[in-house]
1. Provide the FRET efficiency to the nearest 0.05 for the residue 57-residue 30 pair, computing r from the beta carbons and using R0 = 35 Å.
2. Please give the FRET efficiency for residue 168 paired with residue 80, using the beta carbon to beta carbon distance and R0 = 30 Å, rounded to the nearest 0.05.
3. Output the 0 to 90 degree angle, nearest 10, between the alpha-carbon long axis of helix 143-160 and the longest principal axis computed from the alpha carbons of the chain.
4. Starting at 0 and stepping by 10 Å, how many percent of the alpha carbon pairs of the range 4-106 end up in each bin?
5. Specify, per residue and in Å³, the volume enclosed by the convex hull of the alpha carbon atoms belonging to the chain.
6. Please identify which residues in the range 163-185 have an amide N closer than 20 Å to a label point set 7 Å out from the Cα of residue 199, following the Cα→Cβ vector.
7. How are the Cα pair distances of the range 81-202 distributed, in percent, across 10 Å bins from 0?
8. For residue 4, put the label point 7 Å out on the Cα→Cβ axis and report which residues of the range 43-68 keep their amide N under 20 Å from it.
C-alpha cells in the first residue's frame, strides 16, 4: 500500500489576528481559555492543522473545518461536523507548530523538537539500555542532537499508537541508523520497534536547533518536497 503524507509547519507570525477562520465550537473553546500562552499555542496548532486539511481536501475555507480531541487525545478532523477522511498528527514547540496528514488508514505521528540541554537523568528515565549506550558512545558535540532525535521519534511513535506519554517510552526502541551525526538538512530514514514487535518506519530532519520526525505504519519511502509558499512537504509511504 502506498499513501501520501503532507508535512506543514507554521510559526506564530503566520496566524492571522482575527478568529474568523475558527468554527463556532472552536471559538467558544478559545474564549474559555484563561492563559495567553495557552491561547496562542492552541490557535497556532488549529491554524496549522486547518491549513494542512484544507490543502489535502482542496477546501477553500477554514471555518467549516473543526479539529477536536478524541477520548484518547488523538486529534480528529470534522468538515461540516462530519468526520473527514484524513488522519492528522500535531506538534507545537517554541512558537512553531507542525501537522502531518495522511489517509485515515495510516497510523501516523509527528513531533517538532528543539535541540537543547537536558538533565543527566533524562536518558536513564526515558530511554532503553541500548539507546543509553548509543548516547554514551556519541561524541560530546553530537549528544544533544541524538537525545532530541531519540526523544522526538519516540513521541511520534507513541502518537501514531494513539497512546502518547501514557505508554512507557522505553517500550519503543529507536534505531537512528549510522549516519545521524553527519551534517545534513535533508530528510533521513529512521526506524522504531515496539515491545509488541510492531515496526514503524519514518523520517527525520534537522535545521539549526530544530528537529522534526514523522513516523508511520506502513513503511515510509523517502520524503519528496512539494514547492509551496505555505511550506508543505510531501512524504510518500
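1. Numbers: r = 23 Å, r/R0 = 0.66.
The calculated FRET efficiency here is 0.95.
2. Working: r = 39 Å, r/R0 = 1.31.
Calculated transfer efficiency: 0.15.
3. That helix lies at roughly 50 degrees to the long axis.
4. Result returned by the calculation: 15, 53, 29, 3.
5. Numbers: hull volume 32.1 nm³, N = 237.
Expressed per residue, the convex hull around the Cα atoms of the chain is 135 Å³.
6. The answer is 171-180, whose backbone nitrogens lie closer than 20 Å to the label point.
7. Per 10 Å bin, starting at 0, the Cα pair percentages come out as 12, 43, 34, 9, 2, 0.
8. So the set is 48-62.
Since every read-out is calculated from the coordinates, none of them should be taken as a lab result. Given the structure is predicted, the values throughout are model-derived calculations rather than measurements. We place every Cβ from the backbone using ideal geometry, glycine too, and count neighbours over all the protein chains shown.
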